[in-house]
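Since the structure comes first, as structure tokens, the remarks are kept for the end.
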Amino acid sequence: MGENTRVTQKPENCNMTVLNNAQARTDVLNRLRRAEGQIRGIQRMVEEGENCLKIGQQFSAVRKALDSTYLRMTVCFMEQELEARMHPDAEQKVGLDEMLKDMETLLARMG
């Protein structure tokens, strides 16, 4: 390896958790596909010499879409991990779902 090459190792306790819920994964992927389409639209606008203010509006829309997608993925991940660690009964699950929905709403308002 060259002088400037650095090998980094992951800590042994690093948990590589994935989003297991198929519906959540589908939702996140659909949102990403929509954002991808929006980005292609921006590329066309630039190629066609569209007004910068209109392009800027589209950039803003894509950023919001990606932010909301990230938030959705994060809440789904939190739900998955809390359920795996807490093993809530049916009543607790309802409360957990309500709390996570409220948290998602509050965090979405911050953006």
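Residues satisfying the criterion are present in region 52-66 (criterion: of a type in the set (Ser, Thr, Tyr), modelled with pLDDT of 95 or more and within 19 Å of the chain's Cα centre (by Cα)). Confirm whether Asp97 is of a type in the set (Asp, Glu) and surrounded by fewer than 11 Cβ atoms within 10 Å (Cβ to Cβ). No: the conditions fail for Asp97.
Of a type in the set (Gly, Ala, Ser) and surrounded by 11 or more Cβ atoms within 10 Å (Cβ to Cβ), is that true of Gly41?
Taking the combined requirement at face value, the residue satisfies it.
Can you tell me which residue in region 44-72 is surrounded by the most Cβ atoms within 10 Å (Cβ to Cβ), limited to those that are within 30 Å of Lys101 (Cα to Cα) and of a type in the set (Lys, Arg)? Break it down stepwise before answering.
From region 44-72, those within 30 Å of Lys101 (Cα to Cα) are 57-72; that's our starting set.
Adding the requirement that they be of a type in the set (Lys, Arg) leaves 63-64, 72.
Details: Arg63: 13, Lys64: 13, Arg72: 16.
Only one residue tops the list, namely Arg72.
Looking across region 17-33 at every residue that is of a type in the set (D, E, K, R) and within 23 Å of Ala61 (Cβ to Cβ), the one that is farthest from the chain's Cα centre (by Cα) is identified as Arg33.
The values are calculated or read from the model by the stated rules, or taken from the named source; none is laboratory data. Keep in mind that what you see is a predicted model, and the values were worked out from it rather than measured. Note that each Cβ is placed from the backbone with ideal geometry, even for glycine, and that neighbours are counted across all protein chains shown.
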